[in-house]
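Okay, structure first, notes after.
The values are calculated or read from the model by the stated rules, or taken from the named source; none is laboratory data. Remember, it's a predicted structure, so these values are computed and weren't measured experimentally. All Cβ positions, even for glycine, are placed from backbone atoms using ideal geometry, and neighbour counts span all protein chains on display. To get the accessible areas, we keep the full protein, side chains included, count just its heavy atoms, and leave off ligands, DNA and RNA. Shrake-Rupley method; radii C 1.70, N 1.55, O 1.52, S 1.80 Å.
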Amino acid sequence: MKDAAPQTIYLKDYSTFGYIVEHVDLTFKLHPTATRVLSKIRFAPNPDATDRRFFLHGEQLKLISAKIDGKAVAPEMVDGGLQADVPDTAFIWEAEVEINPAANTALEGLYMSNGMYCTQCEAEGFRKITFYPDRPDVMAVFDVRVEADANNTPVMLSNGNGVSKGDGFATWSDPWPKPAYLFALVAGNLIAHTDQFTTKSGTAVDLAIWVRPGDEGKCAFGMEALKKSMTWDEEVYGREYDLDEFNIVAVDDFNMGAMENKGLNIFNSSCVLASPETATDGNFERIEAIIAHEYFHNWTGNRITCRDWFQLCLKEGLTVFRDAQFTADMRSEPVKRIDDVIALRARQFPEDQGPLSHAVRPESFQEINNFYTATIYEKGAEVIGMLKTLVGDAAYAKALDLYFERHDGQACTIEDWIKVFEDSTGRDLTQFKLWYSQSGTPEVTVREEYNGETFTLHLSQKSAPTPGQDEKHPQVIPVAVGLLNTDGEEVQPTMALELSKAEQSFSFEGHTTRPIPSVLRGFSAPVILKQDIDNARRAFLLAHDTDPFNRWEAGRDLARDSLLGTILEGAPHNTAYLDGLKALLCDETLDPAYRALMLGQPSQSELAGIIHKMGHIPDPAAIHTASEALRDAKARAFADMLPDLYAKNQVEGPFSPEAGPAGKRSLANAALALVTRLDGGATASQQYAHADNMTLQLAALSALIDAGKGASALQAFYDQWQSDRLVMDKWFSLQVMHAKPEDSATVARTLTQHADFEMKNPNRFRSVMGVLAMNHAGFHHQSGAAYALLADWLIKLDPINPQTTARMCSAFQTWKRYDAHRQSLIKEQLERIATQSNLSRDTSEMVGRILDA
Ligand code: BES
Ligand code: ZN
């Protein structure tokens, strides 16, 4: 049978499936090239449905036999599945199919990774395992039997609780009804790192992280993160775990970061395995967050799931919001907020301001895999943060209790979610709901007025047209504001103004001296703030703002304006910025991690976006030169204090990945990067020679490459780590990341010829091609060499792994920002991709939408 032909699916066309699935029994007879899957499914007519057509999804399946109520039938094979005539009362469907996991390079459905069987079913992968109504609103209880060769495949896992196991088989039972996208099976030669957790109500849960032999030593941190997540969800959301086992498996070949399958989470090994020698502080933090994220899905995603894929933000936005709260609690709230806003501006803003712009809840799609986007995830989480700000913390907690109580076991919509807030607060959220349907990034403009007594903020909002949405309506925007006096004291603590009209004014009475406003504190809404204030005001806020986010933002704005001045007008660097920053760096009352963030500056691609929005054409080479020059200026301006800053932030004693020591390392490494501009790499060589953890080793290696002295360290690094796949990914990506603009394409091309380059492994592919797209000046080098190289490799990868190919097409989404020469070079490559024969549905949708810009 054929895969479904490309077609557009609409939210408005939703209709319930004609049947209820009362029970699913699956037997897997595993074989690398010929696995047999036997299904026995009890269906009953769904009284709520009108359409009784019996259609089961199925793709790339060889049907061996089918029966209804024990009698052989010959179903009709149709586009994307099969159809059959069925009784009008409950019946049993049985089918046997054959699939080929070894040939499955798309890594969706049942596939093999390093001799291990594993599955990935979200969003629509279960239909590559057997015939089934593969839609999230069909929830069922599954029993699974796995059979395999006991010698090669001693461990066999599936969802729920283990029931029995013996030589060559294991059986599993999951008592919680679930959609097929949460199905999972893993089998292979695996070793467990085990632990136990006792829930608040006293149930003991067996925990295990399963890895390939050799990786046992990299599980301890992930296990601690899992236990912290379980405790946190009990304490903060009152949510307990609901099975006797919780298993996590690390897999080397995985398209995404990780997957929340019920009771059997599957992780990209890069997102769970860590040791001090092989993982950076950034890796540790990400692992903690992603383990939390997938664990939190047990309630927000699994127990309450999505009615259809248009509701994806219902689980992903909420779960990202929850994992951000968790990280803020485990580490530093301001540092987490700043990191998230940096990521939002780097990934979501360009998406929302380009051809791929779409609503947090889109109304149509072709390929759902293309909609696991920054908008659905990160903007989806921002929308929840705004809702919490608007109703307050207590009302948020009450609404969530009602959500879990009312909808446990259901497949829900955004309407259900909003209704819970309306019912528990009595508030009308009709206008707020626009955040789910209206795409684009609103701009909020601030004007101040003062009459000796009353201070007034005049706010206005505006949204530019986005694809398919020419007219925009005013949204409800919580604008958190505080007021300071000229001594830097807070005369009005943070309060959320509710901007809901196109223009609105907010007055503060009784101010006999003119207060200084701090606007959009904590980045209270995902908008672009336009505020006409001078450098002196920004320097004041950098020194005094009592809101840590806005204090950082003041420095960021100074850096941005300094860079724009250089790029657009050839102006020298802003001394107010460098002076203000210097004072902060020496302030030892400030968290080192926060000071390290202060040292950062807007990325080159962010600057290109800002320049484009200002109505100019960004020149990647000029942006690169100015960014480097500002770093040089920092190195010179801080020369007298950098050695001390570096020395004071060295961490003594055994390695700990906790926020405190990690923050010191990040500040020391930021200082190292600047010192290297002065000492030509002497300090970095020392650090490289003595580094006993990956955070220090990698920062030293980066600095050496930047100083033009990386060759021998790169070779040493290779010799030391060539048998560790995750560390080798860093070796590949570092070289592309730090390549000079004119060399980037050549460096990347040469790495693709390296014996250790494996295009079929998504991590390795991304560590070269994904990183090339992120080296802004290199990717956009005027030769067009990087555009052509990326296109070559996307064309090669598409038949192998459409999902990973399609996601990487977004490297081209900003093409309309650039000059006519670059636009024509990019267009040529996009058209070359688009005209490949047999292009996947995934990639063809992405390239088509980008070309439509
Ligand atoms: N459910 C997703 C994984 C997924 C995404 C499966 C797309 C199929 C298609 C999972 O919960 C997730 O969101 N993972 C993120 C990481 C998370 C910390 C935001 C990922 O894999 O990047
Ligand atoms: Zn998720």
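Of all aspartates and glutamates in the structure, the ones whose alpha carbon falls short of 14 Å from that of Lys398, not counting any fewer than 8 places away in one chain, are Glu422, Asp423. Projecting the alpha carbon convex hull of the chain along each direction and taking the average yields 35.1 nm².
Summing charges over all other residues whose Cβ lies under 14 Å from the Cβ of Ser767, with Lys and Arg as +1 and Asp and Glu as -1, gives -1.
Given Cα pairs under 8 Å that are at least 6 residues apart, what percent is the relative contact order of the chain?
Values: 1629 pairs, mean separation 70.4, N = 853.
Computed over the chain, the figure is 8 percent.
Distance check, please: which entries in Lys462/Lys740; Lys462/Lys634; Lys664/Lys709 exceed 32 angstrom between their Cα atoms? Table pairs above 32 Å Cα-Cα are Lys462/Lys740; Lys462/Lys634. With contacts taken as Cα pairs under 8 Å at a separation of at least 6 residues, region 261-320 carries a relative contact order of 29 percent. Mean sequence separation of contacting Cα pairs (under 8 Å, at least six apart), scaled by the length of region 24-91, corresponds to a relative contact order of 29 percent. One chain, two ends: Thr512 and Val73. Fully extended at 0.36 nm per residue, the span grows by 149.4 nm beyond their Cα-Cα distance.
Provide the FRET efficiency to the nearest 0.05 for the Ala102-Asp632 pair, computing r from the beta carbons and using R0 = 45 Å. Here the calculated transfer efficiency is 0.25. Give me the number: length gained by fully extending Ser837 to Lys582, i.e. 0.36 nm times residue separation minus the C-alpha to C-alpha distance, one decimal in nm. Net length gain for the segment: 86.1 nm. For a modelled paramagnetic label at Glu758, 7 Å from Cα along Cα-to-Cβ, the residues of region 236-275 in reach, with backbone nitrogen under 18 Å, are 249-258, 267-274. A 1.4 Å probe run over region 205-329, with the rest of the protein chains in place, finds 22 Å² accessible per residue. Between Thr625 and Gln715, the simple spin-label model (points 7 angstrom out along Cα→Cβ) gives 3.5 nm. Distance between the 7 Å Cα→Cβ label points at Asn161 and Ala820: 7.2 nm. In the chain, the DSSP beta bridges split such that about 80 percent are antiparallel, to the nearest 5. Ellipticity at 222 nm from helices only: DSSP H runs of n ≥ 4 in the chain, each -39500 (n - 2.57), divided by the residue count, give -12000 deg cm²/dmol. In the chain, taking the dipole from charged Cβ atoms about the Cα centre, the farthest positive-side position among Gly681, Leu585, Thr194 is held by Gly681. Straight Cα distances below 17 angstrom link Lys419 to the aspartates and glutamates Asp401, Glu405, Asp408, Asp428, with same-chain residues fewer than 8 positions distant left out. Multiplying the residue separation of Thr750 and His616 by 0.36 nm and removing their Cα-Cα distance gives an extension gain of 44.8 nm.
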